[in-house]
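Trainee: Have a look at the structure that comes next, please.
The values are calculated or read from the model by the stated rules, or taken from the named source; none is laboratory data. All figures in this text were calculated on a predicted structure; none of them were measured in a lab. Cβ placement follows ideal geometry from the backbone for every residue including glycine, while neighbour counts extend to all protein chains displayed.
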Amino acid sequence: MDLTDHTVTFLFNIVLHPVTPGIIYGIIAIVALLFFSAIFSGAEISYFSLSPAEVNALHENPGKNNALIIKLLDAPNKLLATLLIANNFVNIGIVIIYTYIVNSIFDFSAAPILGFAIQVVVITLFILLFGEILPKVYATQHTLKFASFVALPVYISEKIFYPLSALLINSTSVINKKIAGKKPNISIGELSHALELTSGELTEEKEILEGIVKFGNIDVKEIMKSRVDVMSVDIGTDSAQLLSLIVDTGYSRIPVYEETSDNIKGILYVKDMLPYIYKNESFQWQHLLRPPYFVPETKKINDLLQEFQQKKIHLAVVIDEYGGVSGIVTMEDILEEIVGEINDEYDNEENNYIKLDEHTYIFEGKTLLNDLCKILHCEDNEFDEVKGSADTIAGVLLELTGEIPQKNEKVIYKNYTFLVTSADNRRIKKVKITVKKQTLI
């Protein structure tokens, strides 16, 4: 060992040089650069993970940091380009300074493999752990807090790296136009799978997205009001009786039939009656009828919604394959498939079910399977194997038993136990459903 040149021979014949002030400054610089690497890496996660509710909260409370965050989010491409450029510059700086420090302290000419491990592997682990993984994990758990903390340094960096970020954005835009062509379409299946991967309890936003995903696969017959529940009037009804019926029911549109409910002659809009409410009983209200719009049971509700918009109507009469009336469907029925139940100040609060406990319910037999699956949070195709052409709970029981079940008769399907609590010789009125725990999601 020769100390005249202030070097020490270490393990594996590695020469260890003394630590100089330059090396100490280098270590300080690496620590600082790792801090900035953590800022830029975490900022990428935090800014692009802010929920719409959090962004709205920023707009409602425009403090100093909040204003900076909003300004950065207004140009997302510029923000992302800045973060990527800054992070790469910082990481390159860390590697250069680390290489200088290692070469200043060690001489690995006698152990090149060990030198490679120390020069490459060690700094890679440091950058990944302290510059990428830890800040991104923290930013994921404290999105808004982290975004607020790094707002000022990110904003300053955006100004510093503006020439490079502008060049990157413009070149990327040109490449996209030349190569990418049209934007790739996201299939309904991919969107549905993405929603399944989201964690946590169902939020209002997620429920709306799920409604949109399923929207195109729902037939009119799955959401229509059955003809037995439709309030309609005979075309021969006098005006006094009609006005009394309108007041009692509160409906704004009423189907009008002649002789039989299968022969719908038109739709009466109650607002059309307003100028004539003080007319005598002989007033011929029939001339106010508007032509009915008929749709088949198998029509998809997304197509019907478009037709409603084009024709500027809100109600359609649903007919079966034989031309008989199955029921009616309204604009409100369709929209409820996306946004959930819609009630105005005139609607009566009525439920087709009673929840007895977490796993036990009593349903009206006429409850649609579509509504049943929403209430039980089960898959829409849960009863596809047995429902046949049925769309209600009663219809499924008829398919399972082949006859009208008697009161207190029990039917089991998968993890569902159906108990008929009320029925007559024509229909099933009420059903008690018990669901095993694993079926609920």
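Trainee: Please indicate, with yes or no, whether at least one residue in the range 158-180 is assigned to a helix (DSSP H, G or I), modelled with pLDDT under 85 and under 21 Å from the mean Cα position of the chain (by Cα).
Mentor: no
Trainee: Sticking with this one: Considering only residues that are of a type in the set (Phe, Trp, Tyr) and either within 9 Å of PHE146 (Cα to Cα) or in contact (Cβ under 8 Å) with a residue 24 or more places away in the chain (or both), which ones fall in the range 32-52? Step through it out loud before you land on a result.
Mentor: Our first condition is that a residue be of a type in the set (Phe, Trp, Tyr); within the range 32-52, this holds for 35-36, 40, 47-48.
The answer is PHE36, PHE40, TYR47, PHE48.
Trainee: Does LEU125 qualify as being hydrophobic (A, V, I, L, M, F, W, C), touching a residue at least 60 places away in the same chain (Cβ under 8 Å) and more than 16 Å from GLU44 (Cβ to Cβ)? Spell out the reasoning first.
Mentor: Numbers: hydrophobic (A, V, I, L, M, F, W, C): yes; touching a residue at least 60 places away in the same chain (Cβ under 8 Å): no; more than 16 Å from GLU44 (Cβ to Cβ): yes.
No, not satisfied.
Conditions tested, residue by residue: (1) at pLDDT 90 or above; (2) under 30 Å from ASN381 (Cβ atoms); (3) within 42 Å of the chain's Cα centre (by Cα); (4) not β-branched (Val, Ile, Thr).
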{"residue": "LYS221", "(1), (2), (3), (4)": "no, yes, yes, yes"}
{"residue": "SER226", "(1), (2), (3), (4)": "no, yes, yes, yes"}
{"residue": "ILE235", "(1), (2), (3), (4)": "yes, no, no, no"}
{"residue": "LEU242", "(1), (2), (3), (4)": "no, no, no, yes"}
{"residue": "ILE254", "(1), (2), (3), (4)": "yes, no, yes, no"}
{"residue": "ILE277", "(1), (2), (3), (4)": "no, no, no, no"}
{"residue": "LEU289", "(1), (2), (3), (4)": "yes, no, yes, yes"}
{"residue": "PRO292", "(1), (2), (3), (4)": "yes, no, yes, yes"}
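Trainee: When you go through (1) at pLDDT below 85; (2) out of contact with any strand residue (DSSP E or B) (no Cβ under 7 Å at 6 or more places or on another chain); (3) not aliphatic (A, V, I, L, M) one by one for PRO405, which number turns out not to apply?
Mentor: With (1) at pLDDT below 85; (2) out of contact with any strand residue (DSSP E or B) (no Cβ under 7 Å at 6 or more places or on another chain); (3) not aliphatic (A, V, I, L, M) applied to PRO405, the lone miss is (2).
Trainee: Consider SER109 against the criteria (1) part of a helix (DSSP H, G or I); (2) among the hydroxyl-bearing types (Ser, Thr, Tyr); (3) modelled with pLDDT under 85: it satisfies all of them except one. Which criterion is unmet?
Mentor: The number of the failed condition is (1).
Trainee: If you go through the range 379-386 one residue at a time, do you hit one that is of a type outside the set (Lys, Arg), on the phi < 0 side of the Ramachandran plot, surrounded by 15 or more Cβ atoms within 10 Å (Cβ to Cβ) and assigned to a helix (DSSP H, G or I)?
Mentor: No, the conditions are met nowhere in the range 379-386.
Trainee: Could you grab me the full set of residues in the range 226-246 that are surrounded by 14 or more Cβ atoms within 10 Å (Cβ to Cβ) and not in a loop (DSSP other than H, G, I, E, B)?
Mentor: If the condition is that a residue be surrounded by 14 or more Cβ atoms within 10 Å (Cβ to Cβ) and not in a loop (DSSP other than H, G, I, E, B), then SER226, ARG227, VAL233, ASP234, SER239, LEU242, LEU243, LEU245, ILE246 are the ones that fit.
Trainee: Tell me which residues, restricted to the range 275-311, are in contact with a helix residue (DSSP H, G or I) (Cβ under 6 Å, 6 or more places away or on another chain) and part of a loop (DSSP other than H, G, I, E, B).
Mentor: GLU281, PHE283, GLU297, LYS299
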